[in-house]
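The values are calculated or read from the model by the stated rules, or taken from the named source; none is laboratory data. Bear in mind that the values here come from a model prediction, so they are computed numbers and not experimental data. Here Cβ is always computed from backbone atoms with ideal geometry, including for glycine, and neighbour counts include all displayed protein chains. Areas reflect the complete protein model, heavy atoms only, side chains present, ligands, DNA and RNA absent. Shrake-Rupley method; radii C 1.70, N 1.55, O 1.52, S 1.80 Å.
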Amino acid sequence: NWSGSLIVASLTGAFGSSFLYGYNLSVVNAPAAYIKKFYNETWERRYGFSVDESTLTLLWSITVSVFAIGGLVGAIIVTPIVKFFGRKCTLLLNNVFAVTAALLMSLSFLAGSFEMLILGRIIMGVDAGISLSALPMYLSEISPKEIRGSLGQVTAIFICIGVFTGQVLGLPEIFGQESRWPYLFGAIIVPSLIQIVILPFLPESPRYLLLEKHNRSKAEKAFQTFLGKDDVSHEVEEVLAESRVQRNTKLVSVLQLLRTHAVRWQVITVVVTMGCYQLCGLNAIWYYTNNIFSEAGINHETIPYVTLSTGAVETMAAVFSGLVIERLGRRPLLIGGFGLMVVFFAVLTVSLTLQKTVHWLPYLSIFCILAIIASFCIGPGGIPFVLTGEFFQQSQRPAAFMIAGTVNWLSNFAVGLLFPFIQGGLQTYCFLVFAAICFAGATYLFFVLPETKNKTFNEISQAFAKRNKVSLEMQEMNHYPGERKSSAEQESNFTSSVDNGETKKGIV
């Protein structure tokens with residue numbers, strides 16, 4: 001089932017998208033001291049006096065957390081973009097934001113403008129907000145249902161690879177020096193250029209071509225390319241079967257989706273999983289790894305290399321998840337990941353609290369951090385994106401990803417901005433907050449989340465039908481109350497729209 005085109009599309013799409021998201025999470029960590037010094041020197045050159053410590057801390061917090069504000073903007077604008085340009089073209093056009101951000105951030109030191117660095121972080125956030133919706137959407141629509149979970153995990157794997165790459169390039173031997181830190185941001189251009197070169201030679205999402213553009217010929221060619229076979233009639237009929245149930249492929253707005261009784265629990269589940277994805281505390285560790293290891297008693301010169309282990313562990317855990325997700329399923333990996341995080345957060349709290357009384361406890365703290373990261377990447381790190389693509393029909397998917405992205409980035413911003421104050425107020429007990437969130441998320445998913453592996457989109461909708469108290473056949477009436485046409489009229493309209501001189505009426 002893994003054709004060459006499918007592999008190339010997933011790797012290229014992820015390298016220029018989710019990879020950059022992960023990279024920008026960790027890239028600000030290593031050069032933090034040098035960037036703060038740059039801020040101070042720029043301030044002194046402009047105003048004749050050094051910036052006070054509180055203002056410098058505020059500027060740095062803004063630099064870190066403003067990435068999430070840009071991500072929120074990207075998540076909001078992605079729906080009309082993927083509707084008009086399609087999934088693949090959206091990923092291509094998104095590179096404009098990445099290249100612009102890279103130039104602004106890498107040239108900020110030469111220009112003597114810390115505002116350029118902050119603006120670049122915002123624009124890079126917009127790129128991430130668009131890519132984290134468009135990429136999972138694209139991958140879920142080009143993959144067969146038998147490997148949809150594994151292919152969807154490519155998003156999470158490349159986030160982890162991006163984090164690890166940012167840590168490696170931030171080492172003192174490479175770009176982690178005062179004179180070289182701008183190169184860390186200039187490196188963003190490389191994945192973007194690779195995606196720009198390769199992605200145009202790959203097809204658009206066949207589901208998008210068939211259901212939204214009504215172009216059967218191109219959809220069949222796309223299916224043939226991605227599946228690596230000539231006879232794709234079964235796959236085309238499967239998509240058309242979804243459309244016959246849905247009756248109407250008009251895109252649903254966010255407000256319509258929120259009002260649709262037939263997908264109420266799908267929306268709630270996406271909000272919970274995406275909220276827990278960010279609020280579970282992993283971003284706190286990614287953003288402030290150096291501070292956590294310092295508190296654990298690790299020598300300052302050793303911290304960059306210990307930090308490197310976190311990126312390696314999360315990458316291996318994400319790859320492991322991708323290998324077993326189609327065997328174990330989404331549900332046990334997601335619930336189990338959150339459950340393990342609860343345990344290790346509790347142990348980490350005890351370890352940090354007592355570390356000054358027992359000499360080996362700092363090493364237990366490091367183990368707990370690595371275990372938390374591995375637990376996250378096994379399930380919660382990638383499955384929320386997979387589920388968002390699986391829960392909804394074609395016309396609902398862009399709005400669903402917009403809701404998921406909004407929750408994702410608002411939660412990301414909250415953690416990045418508030419964690420230093422939570423850490424300062426609660427000290428070693430700060431991670432109990434995240435343990436409580438993980439426990440609440442695991443409990444909810446245990447009672448609500450059905451297994452979705454190897455199921456069609458219609459079968460997944462049917463799994464939620466009982467909880468939503470509506471049959472699958474009634475979903476269309478819930479989508480567009482007051483606008484439903486007769487069944488015969490819709491069949492006729494769909495036939496002629498997909499036809500375009502190519503499709504026979506008998507197919508419908």
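Could you check segment 130-186 and list, in sequence order, the residues that are outside any helix (DSSP H, G or I) and not small (Gly, Ala, Ser)? PRO144, LEU171, PRO172, GLU173, ILE174, PHE175, GLN177, GLU178, ARG180, listed by residue number. Tell me yes or no: at least one residue of segment 379-393 is open to solvent by 30 Å² or more (accessible area, probe 1.4 Å) and not hydroxyl-bearing (Ser, Thr, Tyr). The answer is no, given that none of the residues of segment 379-393 is open to solvent by 30 Å² or more (accessible area, probe 1.4 Å) and not hydroxyl-bearing (Ser, Thr, Tyr). Residues in segment 13-25 that are open to solvent by less than 10 Å² (accessible area, probe 1.4 Å) and in a helix (DSSP H, G or I): GLY13, ALA14, SER18, LEU20, TYR21, GLY22, TYR23, ASN24, LEU25. Just so you know, in segment 308-332 the residues that are open to solvent by less than 10 Å² (accessible area, probe 1.4 Å) and at pLDDT below 85 include one that is nearest to ALA14 (Cα to Cα), and it is GLY311.
Taken together, the criteria place VAL342 among residues that are at pLDDT 90 or above and open to solvent by less than 40 Å² (accessible area, probe 1.4 Å).
Against the test of being open to solvent by 10 Å² or more (accessible area, probe 1.4 Å), over 18 Å from LEU25 (Cα atoms) and modelled with pLDDT under 90, the options ILE268, ILE298, ILE335 yield a single qualifying residue, ILE298. Every test in (1) part of a helix (DSSP H, G or I); (2) more than 11 Å from VAL126 (Cα to Cα); (3) open to solvent by less than 40 Å² (accessible area, probe 1.4 Å) is passed by VAL51 save one, and that test is (1). Looking only at segment 69-99, count every residue that is in contact with a helix residue (DSSP H, G or I) (Cβ under 8 Å, 6 or more places away or on another chain), closer than 20 Å to ILE189 by Cα and assigned to a helix (DSSP H, G or I) and tell me the total. Adding up the residues that qualify gives 12. Screening THR63, THR57 for residues that are more than 30 Å from VAL252 (Cα to Cα) and open to solvent by 10 Å² or more (accessible area, probe 1.4 Å) leaves exactly one candidate, THR57. Within segment 321-344, the set of residues being in a helix (DSSP H, G or I) and under 19 Å from GLU146 (Cβ atoms) comprises SER321, GLY322, LEU323, VAL324, ILE325, GLU326, ARG327, LEU328, ARG330, ARG331, PRO332, LEU333.
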